[in-house]
Amino acid sequence: MGYIDAHTHLVFKETITEELMNFAMREWGAPREVILMGVKDVIRVLDDANIDYVGIMAFPARKLGTVKEDYALRVINAVRDYADRFAVIGGVEANELTIEETKYWLERQYEAGISAIKVHPPHMWLKPNAYRPEEGGLRQLELVYQFAEDHGLPVYIHTGTSAFSRARNKYGDPIFVDDVAVDFPRLTIIMSHVGRPNWVATAFQLIRIRPNIMADLSSIPPRRVLEYIPRLTEISDKSIYGSDYPGPGVYDIKANLQEFLSIPIPKEAIKKMVDDNPRRVLKPLSRNR
Ligand SMILES: [Zn+2]
């Protein structure tokens, strides 16, 4: 049995658009050959790293000028022959769509086989709790969480800053995730990046006290994870590993995993985060079989 990397931004030459290519070259700084891999090349890379499957972010980001709701469907089509190696994470931009459009895309993505939904507040320019009456009452966002809860899909919510030029970082504060945990008690919330670098204390506390919030450790360099989260072992039952590959600074998926595996904490805690926990909450595309 291998490992699971629950948070990547893998792009494939089969599905990449010109806008996404330009964005990746400009803002990620990743080498061209990493951005332009075919699905088969990626499988070889995963085999070499002993990774059973990866989660691929395929949510829309109009404000960044990259992709819309149909992108998740295209990624799923591209990886369908390797359904046990990929979990595709979709999503909708609740503040860009009507209620009807929101329902339409959630249904279509679910039927196609998404494994989770992503809400990216700094890239979508919305608070994670914008559905609350006192936060503007965005009904479309309530539908997203309701749909995920009803269909057993976990929701990743980005917390912490984003260095992309069009990101709005005021939306990265994890405190607004607290409302979602309270209002949707059956929903599994995966708090991406644990609020790093400046809101880790808030995120860590919410992960500790809210039974339905988990931690996604991606984009924190593994060798610095204990600097950011000294009490990591305490939340190892509710944490999952992710690399953020090939996002900024993470251009080697295997090296990142190896670094994570050598964090100086008990081996059982590490195994939970790279194997047991992600296997429990993030099912690959083949879950539909
Ligand atoms: Zn990411």
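The values are calculated or read from the model by the stated rules, or taken from the named source; none is laboratory data. Predicted model, so just to flag it, every value in this text is computed and none were measured. Cβ: placed from backbone, ideal geometry, glycine included. Neighbour counts: every protein chain shown.
Worth a mention:
- Some residue of region 201-213 being within 18 Å of the chain's Cα centre (by Cα), within 18 Å of THR159 (Cβ to Cβ) and within 16 Å of the ligand (Cβ to nearest atom): yes
- Condition check for VAL144: of a type in the set (A, V, I, L, M, F, W, C), modelled with pLDDT of 95 or more and at negative phi: yes
- Leading residue by the ranking (nearest to TYR245 (Cα to Cα)) among those in region 1-18 that are of a type in the set (Val, Ile, Thr) and buried (at least 23 other Cβ atoms within 10 Å of the Cβ): THR8
To keep it simple, each residue is scored yes or no on (1) outside any loop (DSSP other than H, G, I, E, B); (2) exposed (fewer than 14 other Cβ atoms within 10 Å of the Cβ); (3) not β-branched (Val, Ile, Thr).
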site: ARG224; (1), (2), (3): yes, yes, yes
site: GLU234; (1), (2), (3): yes, no, yes
site: ASP244; (1), (2), (3): no, no, yes
site: GLY247; (1), (2), (3): no, no, yes
site: VAL250; (1), (2), (3): no, no, no
site: GLU259; (1), (2), (3): yes, no, yes
site: GLU268; (1), (2), (3): yes, yes, yes
site: ASP276; (1), (2), (3): yes, no, yes
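- GLY247 meets the conditions (1) more than 16 Å from the ligand (Cβ to nearest atom); (2) at pLDDT below 95; (3) not hydrophobic (A, V, I, L, M, F, W, C) in every case but one. The failed one is (1).
- Scan of region 78-99 for residues that are assigned to a loop (DSSP other than H, G, I, E, B) and crowded, with 24+ Cβ neighbours inside 10 Å, ordered by number: GLY91, VAL92, GLU93
- Any hit, region 188-198, residues being under 20 Å from ALA61 (Cβ atoms) and more than 18 Å from the chain's Cα centre (by Cα): no
- The lone exception for THR66 - which of (1) more than 23 Å from GLN258 (Cα to Cα); (2) more than 16 Å from the ligand (Cβ to nearest atom); (3) modelled with pLDDT under 95; (4) not aromatic (Phe, Trp, Tyr) it fails: (2)
- Identification of helices (runs of 4 or more DSSP H) wholly contained in region 118-197 with 1 or more residues that are surrounded by 20 or more Cβ atoms within 10 Å (Cβ to Cβ), touching a residue at least 40 places away in the same chain (Cβ under 8 Å) and within 15 Å of the ligand (Cβ to nearest atom) yields 121-124.
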